[in-house]
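Everything below concerns the one structure shown next.
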Amino acid sequence: MEITLGPLSTIPPGEGRAFDVGSERIAVFLARDGRVFATQAACPHRGGPLVDGLLGGCTLVCPLHAQKFNLQTGEALNGGPGLKTYPVRLSATNQIVVRIERDGG
């Protein structure tokens, strides 16, 4: 199912914002080059708020323990558990649209 989260203009380039989507919390990042990424909002290692991390290109550094993640794939670049990623796109009116897969359909 696709969910519209709001206008892209709410996220400054190089930063992220967290959104509550049902029982899930999703982080959406706007890279300085205009790419948009969506992942789980909490770091899988210590639960840190990923939206407070340092974003460079498609690499995010967790603010709590400097774990690095590839936002395209969710891969943990220093080893350890990776991030859940979500397909994200922009609508014709620049709204952030994320696809959430629900269990059972």
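Please treat every number below as a calculation from the coordinates, not as lab data. Quick caveat, the model's predicted, so the values are computed rather than measured. We place every Cβ from the backbone using ideal geometry, glycine too, and count neighbours over all the protein chains shown.
Quick grid of which residues meet (1) at positive phi; (2) out of contact with any Phe, Trp or Tyr (no Cβ under 9 Å at 6 or more places or on another chain):
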residue	(1), (2)
R32	no, yes
C43	no, no
L54	no, yes
V61	no, no
Q67	no, yes
G74	yes, yes
L77	no, no
P81	no, yes
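Evaluated against (1) loosely packed, with under 12 Cβ neighbours inside 10 Å; (2) in contact (Cβ under 8 Å) with a residue 24 or more places away in the chain; (3) acidic (D, E), E24 falls short on exactly one condition, (1). Candidates T93, T85: the one that is of a type in the set (V, I, T), more than 13 Å from the chain's Cα centre (by Cα) and more than 14 Å from I3 (Cα to Cα) is T93. When restricted to residues that are touching a residue at least 24 places away in the same chain (Cβ under 8 Å), surrounded by 15 or more Cβ atoms within 10 Å (Cβ to Cβ) and assigned to a loop (DSSP other than H, G, I, E, B), region 48-61 contains 2.
Quick grid of which residues meet (1) small (G, A, S); (2) assigned to a strand (DSSP E or B); (3) without any contact (Cβ under 8 Å) to a residue 60 or more places away in the chain; (4) surrounded by 19 or more Cβ atoms within 10 Å (Cβ to Cβ):
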position: I3; (1), (2), (3), (4): no, yes, no, no
position: P12; (1), (2), (3), (4): no, no, yes, no
position: F29; (1), (2), (3), (4): no, yes, yes, yes
position: D33; (1), (2), (3), (4): no, no, yes, no
position: A38; (1), (2), (3), (4): yes, yes, no, yes
position: H45; (1), (2), (3), (4): no, no, yes, no
position: P63; (1), (2), (3), (4): no, no, yes, no
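Considering only residues of region 92-105 that are among the aliphatic types (A, V, I, L, M) and in a loop (DSSP other than H, G, I, E, B), which is surrounded by the fewest Cβ atoms within 10 Å (Cβ to Cβ)?
Residues of region 92-105 among the aliphatic types (A, V, I, L, M): 92, 96-98, 100.
Those left that are additionally in a loop (DSSP other than H, G, I, E, B): 92, 100.
Values: A92: 5, I100: 14.
Ranking the qualifying residues of region 92-105, first place goes to A92.
Checking region 72-91 against the condition returns a match, with at least one residue being in a loop (DSSP other than H, G, I, E, B), touching a Pro at 6+ places or on another chain (Cβ under 8 Å) and among the aliphatic types (A, V, I, L, M). Note on region 44-59: residues that are out of contact with any Ser or Thr (no Cβ under 8 Å at 6 or more places or on another chain) and closer than 16 Å to L77 by Cβ amount to 10.
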